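K.L.:
Supplied in structure tokens, the structure appears directly below.
Please treat every number below as a calculation from the coordinates, not as lab data. Keep in mind the model is a prediction, meaning the values are calculated, not measured. Cβ placement follows ideal geometry from the backbone for every residue including glycine, while neighbour counts extend to all protein chains displayed.
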């Protein structure tokens with residue numbers, strides 16, 4: 001075999017091994033992170049509901065068997081199968097009712113033992129019909145001062161999104177590997193006519209690189225002859241490989257970073273910043289204040305998500321007969337300072353009684369007024385009309401185009417997209433109103449303003 005082809009083979013094998021090692025490590029790390037993220041998401045998603053049932057067990061004195069089927073059914077969704085186990089690990093309630101519901105996974109004794117041993121979370125992955133499912137075990141702990149556990153929850157969900165993300169990563173890694181191999185092959189062909197002695201040096205260098213030392217160089221003189229140019233080109237190639245793999249690893253790290261909870265990241269940076277000693281304290285304070293502001297914004301969004309989660313879980317309402325005008329008056333006073341020069345006008349009946357949870361209706365109205373203030377000019381007017389079981393918040397802002405109006409109650413939707421806020425306020429309002437058996441509607445004329453109306457059941461006469 002000609003010498004240049006031997007060089008090509010050596011280089012391609014070396015680069016291929018590096019590609020394979022980095023790709024396998026990256027794939028495993030992202031898979032491990034996504035599985036943990038999915039398990040924690042299920043835990044956060046269903047903890048409010050399980051807490052409700054634990055409190056119900058404590059209040060009624062019923063056994064877990066009596067409520068197990070209801071709990072399992074409430075935990076079951078189109079993409080989650082639920083099984084309730086007693087404190088001994090025996091299944092006492094399944095959420096599968098419809099044929100299209102997912103089948104609960106078989107109970108794993110080792111996972112049950114981990115929960116009984118004091119862990120708050122236990123998981124395993126199983127293969128089903130050519131795909132994968134994540135099985136999560138969560139404890140049902142009694143209310144203090146009681147200890148131990150009442151039972152366990154088993155949840156299993158398909159890993160379609162995780163496998164799709166891993167497939168995208170594999171495609172990106174394969175593309176990068178092919179590009180790297182192609183570039184390496186072209187460069188290797190150029191080195192084929194050189195002398196054997198320098199090639200031995202290069203072979204030793206390749207071996208070190210194959211073992212992971214990407215900072216290794218040929219250490220040959222970079223002269224103008226063939227050997228010198230070979231050494232220079234080879235060292236440049238290794239430098240580019242080092243940069244390429246560093247960028248590849250950075251991509252995987254950034255992807256995982258974006259999936260992690262932003263509050264954890266910001267809090268970690270704040271803790272680090274507080275320990276740093278920097279010559280310019282003003283810059284430190286400015287950075288600290290900015291990060292605190294971002295943390296507050298993320299915390300606000302998180303609290304809104306928790307509120308939505310509680311509403312979705314069907315948290316009980318503390319209904320009583322109230323005068324809606326009293327609630328509106330309190331909200332107007334709360335927003336006087338934030339409104340600035342904007343006028344807040346109250347129009348309506350003195351007696352507009354309704355059967356509602358006053359705290360939740362006040363929160364819903366506060367979201368509507370806050371939304372109106374953010375979309376109204378500094379000298380504009382916001383009118384709040386009250387009548388019967390209806391409250392309308394009307395502004396004279398820029399309005400919303402007809403094609404965007406149906407989406408304003410969607411979660412995380414903002415119009416315009418550059419506006420402030422988390423995009424959750426109106427979604428919370430809709431959930432609150434619908435939990436009361438009411439309705440939320442919107443009317444808007446571009447250039448003239450928007451009117452949002454919530455309707456709740458009036459008090460019985």
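K.L.:
How would you order 391-397, 163-169 from highest to lowest mean count of nearby Cβ atoms within 10 Å?
P.N.:
The packing order, highest mean first, is 391-397, 163-169.
K.L.:
With a point put 7 Å past each Cα toward its Cβ, work out how far residue 320 is from residue 70 in nm, to one decimal.
P.N.:
Those two pseudo-labels are separated by 2.5 nm.
K.L.:
Quickly rank 5-15, 56-66, 110-120 as a protection proxy: mean count of other C-beta atoms within 10 Å, highest first.
P.N.:
5-15, 110-120, 56-66
K.L.:
Moving to a separate point now. Between residue 178 and residue 240, what length in nm is gained on full extension when 0.36 nm per residue of separation is reduced by their alpha carbon distance?
P.N.:
Stretched out fully, the residue 178 to residue 240 stretch lengthens by 20.9 nm.
K.L.:
So what is the relative contact order for the stretch 357-461, in percent, with contacts set as C-alpha pairs under 8 Å and at least six apart?
P.N.:
Contact order relative to length: 31 percent.
K.L.:
Continuing with this model, one more query. If you take the square roots of the eigenvalues of the alpha-carbon gyration tensor of the stretch 320-455 and sort them as a ≥ b ≥ c, do you get rounded (a/c under 1.5), prolate (a/b over b/c) or oblate?
P.N.:
oblate
K.L.:
By how many nm would the segment from residue 171 to residue 141 grow when fully extended, if each residue of separation counts as 0.36 nm and the alpha-carbon distance is taken off?
P.N.:
6.5 nm
K.L.:
Once both labels are modelled 7 Å past Cα along the beta-carbon direction, what's the residue 346-residue 204 spacing in nm?
P.N.:
8.8 nm
K.L.:
Additional query: Just rank 330, 78, fewest to most, by other beta-carbon atoms within 10 angstrom.
P.N.:
Going from least to most buried by this count: 78, 330.
K.L.:
Sticking with this structure for a sec: Only counting other Cβ atoms within 10 Å, I'd like 137, 53, 124 sorted with the fewest neighbours first.
P.N.:
Placing the least packed residue first, the sequence is 124, 53, 137.
K.L.:
For an R0 of 60 angstrom, estimate the FRET efficiency from the Cβ-Cβ distance between residue 47 and residue 224 and round to the nearest 0.05.
P.N.:
0.30
K.L.:
What is the packing order of peptides 369-381, 20-32, taking the mean over residues of other C-beta atoms within 10 Å and listing the highest first?
P.N.:
Per-residue Cβ counts within 10 Å, averaged per peptide and sorted highest first, yield 369-381, 20-32.
K.L.:
Same structure, new question: May I ask what percent, to the nearest 5, of DSSP beta bridges between residues of the stretch 319-392 are antiparallel?
P.N.:
Looking only at bridges with both residues in the stretch 319-392, the antiparallel portion is about 55 percent.
K.L.:
Using a simple spin-label model with points 7 Å from Cα along the Cα→Cβ vector, what separation in nm is obtained for residue 441 and residue 407?
P.N.:
About 2.3 nm, to one decimal.
K.L.:
If each residue of separation counts as 0.36 nm, what is the full-extension length gain between residue 377 and residue 17 once their alpha-carbon separation is subtracted?
P.N.:
That pair, residue 377 and residue 17, stretches by 123.4 nm at full extension.
K.L.:
For 138, 178, what's the fewest-to-most ordering of other Cβ within 10 Å of each Cβ?
P.N.:
Ascending Cβ contact count within 10 Å gives the list 178, 138.
K.L.:
Let me ask something else about it. Just need the relative contact order of the stretch 2-135 here, percent rounded to a whole number, with Cα pairs under 8 Å and 6+ apart.
P.N.:
Contact order relative to length: 13 percent.
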